[in-house]
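Trainee: First, the structure itself, so that you have it in front of you.
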Amino acid sequence: MSTAVKSSPMGLTVLSLLHFKPLHPYGMQRLLKQWGKDQVVNVGQRTGLYRTIDRLLTAGLIAVRETGRDQQYPERTVYELTEAGRQTTRTWLLDMLRSPKQEFPEFPVALSNLMLLTPDEIVEALAARLASVRGTRAALERALAETAESGVPRVALLETEYSLTVARAEVGWLESVIADLRSGALAWSAEELLAVAAASEAQTP
């Protein structure tokens, strides 16, 4: 019998992998990297993967298929999908596709507090970010081209397409903000910010 468990990107990924065949954690991690899924799911630390597996196991969404050992590797537990896991995979997948969820990444938080810095400091920081995002964009473009040339169907590359679209959009936005900061089109003063805050406070009942 399965128990209720909250959906998560890693949880969905593990369940999806087990749709194809039973796997042990190392095999899951290796496949995720081979298929380029480490661009959308953090598999760098195996601890998170093991925690997810334990959670899915407790919920009855996966089960132990076998535990084996050979001379080259330590003991490895192979997991398989249960029927409840198969149904839950579809439920989670459809829900994630249909319903955008409010997430709280760091960058928007930093943007909401930019007035604590000078324009020059912001330009320097955003220029560094721009260089990084340009690198990400180039890496995604290469990965997409190489994977497509290898015959992988497009449906298996949609998350890379999405990440590339986001990276391209961020590059364009960062370039425009940096240009406005340098030209003075984007400017503010402490007095202006205090006046806005005071006006807002006066309107509060």
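Trainee: Output ³J(HN,Hα) for the stretch 41-50: one whole-Hz value per residue in order, computed from phi by the Karplus curve 6.51 cos²θ - 1.76 cosθ + 1.60 with θ = phi - 60°, and x for Gly and Pro.
Mentor: 10, 7, 10, x, 9, 5, 4, x, 5, 5
Trainee: Among 18-24, 129-135, 190-196, how do they line up by average Cβ neighbours within 10 Å per residue, starting with the highest?
Mentor: 18-24, 129-135, 190-196
Trainee: Arrange the following residues from fewest to most other Cβ atoms within 10 Å of their Cβ: 170, 161.
Mentor: Listing 170, 161 from fewest to most nearby Cβ atoms yields 161, 170.
Trainee: Along each of the three principal axes of the Cα atoms of the chain, give the extent in whole Å, ordering the values from largest to smallest.
Mentor: That works out to 69, 51, 33 Å along the principal axes.
Trainee: Below 8 Å between Cα atoms, with a sequence gap of 6+, how large is the relative contact order for the chain in percent?
Mentor: Working: 147 pairs, mean separation 36.9, N = 205.
Over the chain, the number comes to 18 percent.
Trainee: Further question on the same structure: Report, in deg cm²/dmol and to the nearest 500, the calculated mean residue ellipticity at 222 nm for the chain, where each DSSP H run with n ≥ 4 adds -39500 (n - 2.57) and the sum is divided by the residue count.
Mentor: Estimated from H runs of four or more residues: -20500 deg cm²/dmol.
Trainee: Which whole-Hz couplings ³J(HN,Hα) result when phi for each residue of the stretch 192-199 is put into the Karplus expression 6.51 cos²θ - 1.76 cosθ + 1.60, θ = phi - 60°, listed in order with x for Gly and Pro?
Mentor: Result, rounded to whole Hz: 4, 5, 5, 5, 5, 5, 5, 5.
Trainee: Under the Karplus relation 6.51 cos²θ - 1.76 cosθ + 1.60, θ = phi - 60°, what is the ordered set of whole-Hz ³J(HN,Hα) values for the stretch 87-101, x standing for Gly and Pro?
Mentor: Whole-Hz 3J(HN,Hα) from phi for the stretch 87-101: 5, 5, 4, 5, 4, 4, 4, 5, 5, 5, 6, 7, 10, x, 10.
Trainee: Non-local amide H neighbours of residue 78 (under 5 Å, H modeled in plane, Pro and chain starts lacking H): which ones?
Mentor: 65, 66, 67, 68
Trainee: Follow-up question, since we're still on this one. Once the Cβ-Cβ distance between residue 51 and residue 183 is put in as r, and R0 is 35 Å, what FRET efficiency do you end up with, to the nearest 0.05?
Mentor: Working from the Cβ atoms, E equals 0.10.
Trainee: Oh, and also: May I ask you to derive the relative contact order of the stretch 106-203, considering only C-alpha pairs under 8 Å and at least 6 residues apart, and to give it as an integer percent?
Mentor: 36 percent
The numbers here are math on the coordinates, done by the rules we state, and not lab data. Everything numeric in this text was worked out from a predicted model, so none of it was measured. Neighbour counts run over all protein chains shown; Cβ positions are idealised from the backbone, glycine included.
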